[in-house]
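Notes for the one structure printed next.
The values are calculated or read from the model by the stated rules, or taken from the named source; none is laboratory data. Here the structure is a predicted model, which means the values were calculated and not measured. Cβ placement follows ideal geometry from the backbone for every residue including glycine, while neighbour counts extend to all protein chains displayed. Surface areas here come from the heavy atoms of the whole protein model, side chains and all, with no ligands, DNA or RNA. Shrake-Rupley method; radii C 1.70, N 1.55, O 1.52, S 1.80 Å.
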Amino acid sequence: NYTYGCNGIPLPDSMPYCVNLLDTDKITADVTKAKELADMVVVFPHWGTEYSYEPDSNQVYWTNLFLNLGVDVVLGDHPHVIEPVETITREDGHQMVVFYSIGNFVCNQNEKPRVIGGMAKVSLVKKASDGSCYIKGYSFEPVIAHIVFGQGKITTYKLSEYTDSLANENWIKQQEGCSDFTISYCQQLCSMVLGEDYNPTTSKLSVTLNP
């Protein structure tokens, strides 16, 4: 679990261990040890450029490091919007799944792309016969932060269960430039960011790697 920084707040000199920063030596040591102790390795980076739909150069750099070290799954956040999901294969055949940004799950930000987040799911398998491990498949299911102020009202819906009637109740609809917040808008954005593996009919990205 690593972060690019702490929004300008310095780490206490007496407690440099309280937050793990993205650092090549630190990551290399941690992942090397984790691979000795665990069947598979998952990394949670707090990275990227806020409100960007594409991974930036820093995300690409760390992704390549994770892949070279043998990480299996990367689950990222920080941009406040969703970013692509992809499978990267190392020269020796090792596969790594990267969720560059899962977006917001709950929020009250006043831009319509920021109420669209997602839930990631990865199926990991360990064979009883030889102990080998692999990623069977993964999915990403978009969710909508339903912003209706009042105790017990703000909540989160799966996009597959959201409706234009609910969208009309969402506070985001009242914000400047957000009058077109509809199911169609949400589906178009998800399709644009998630690409051909995203199915608007089911409102889900689903990929099988090793049946």
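Screening residue 203 on (1) surrounded by 16 or more Cβ atoms within 10 Å (Cβ to Cβ); (2) at negative phi; (3) in contact (Cβ under 8 Å) with a residue 40 or more places away in the chain; (4) not aromatic (Phe, Trp, Tyr) shows it passes everything except condition (2). Of note, residue 80 satisfies the criterion of being on the phi > 0 side of the Ramachandran plot, in contact with an Asp or Glu (Cβ under 7 Å, 6 or more places away or on another chain) and either open to solvent by less than 40 Å² (accessible area, probe 1.4 Å) or at pLDDT 95 or above (or both). Starting from residues that are out of contact with any strand residue (DSSP E or B) (no Cβ under 9 Å at 6 or more places or on another chain) and surrounded by fewer than 18 Cβ atoms within 10 Å (Cβ to Cβ), keep the ones in the range 104-113 and report whichever is modelled with the highest pLDDT. Top of the filtered list is 111. Of 45, 55, 12, all but one fail to be touching a helix residue (DSSP H, G or I) at 6+ places or on another chain (Cβ under 8 Å) and at pLDDT below 95; the exception is 12. Considering only residues of the range 108-131 that are outside any loop (DSSP other than H, G, I, E, B) and among the hydrophobic types (A, V, I, L, M, F, W, C), which is farthest from residue 50 (Cα to Cα)? Across the range 108-131, the extreme among qualifying residues is 125. The C-beta contact set for the range 5-28 (first residue touching a residue at least 40 places away in the same chain (Cβ under 8 Å) and open to solvent by less than 70 Å² (accessible area, probe 1.4 Å), second residue aromatic (Phe, Trp, Tyr) and assigned to a loop (DSSP other than H, G, I, E, B), distance under 7 angstrom, 6+ apart or interchain) comprises 22/4; 22/47.
Per the listing 121, 153, 127, the residue uniquely under 21 Å from the mean Cα position of the chain (by Cα) and basic (Lys, Arg) is 121. Failed condition for residue 99, given (1) over 18 Å from residue 81 (Cα atoms); (2) touching a Leu at 6+ places or on another chain (Cβ under 6 Å), with all others met? Status for residue 99: all satisfied but (1). Return yes or no: is residue 69 open to solvent by 50 Å² or more (accessible area, probe 1.4 Å) and either hydrophobic (A, V, I, L, M, F, W, C) or on the phi < 0 side of the Ramachandran plot (or both)? For residue 69, the condition - open to solvent by 50 Å² or more (accessible area, probe 1.4 Å) and either hydrophobic (A, V, I, L, M, F, W, C) or on the phi < 0 side of the Ramachandran plot (or both) - is not met.
Scanning the range 114-172 for residues that are open to solvent by less than 70 Å² (accessible area, probe 1.4 Å), free of Cβ contacts under 8 Å to residues at least 24 places away in the same chain and among the hydrophobic types (A, V, I, L, M, F, W, C) turns up 148, 166, 167.
Condition test on residue 100, is it open to solvent by less than 40 Å² (accessible area, probe 1.4 Å) and under 17 Å from the mean Cα position of the chain (by Cα)? When the stated conditions are applied, residue 100 passes them.
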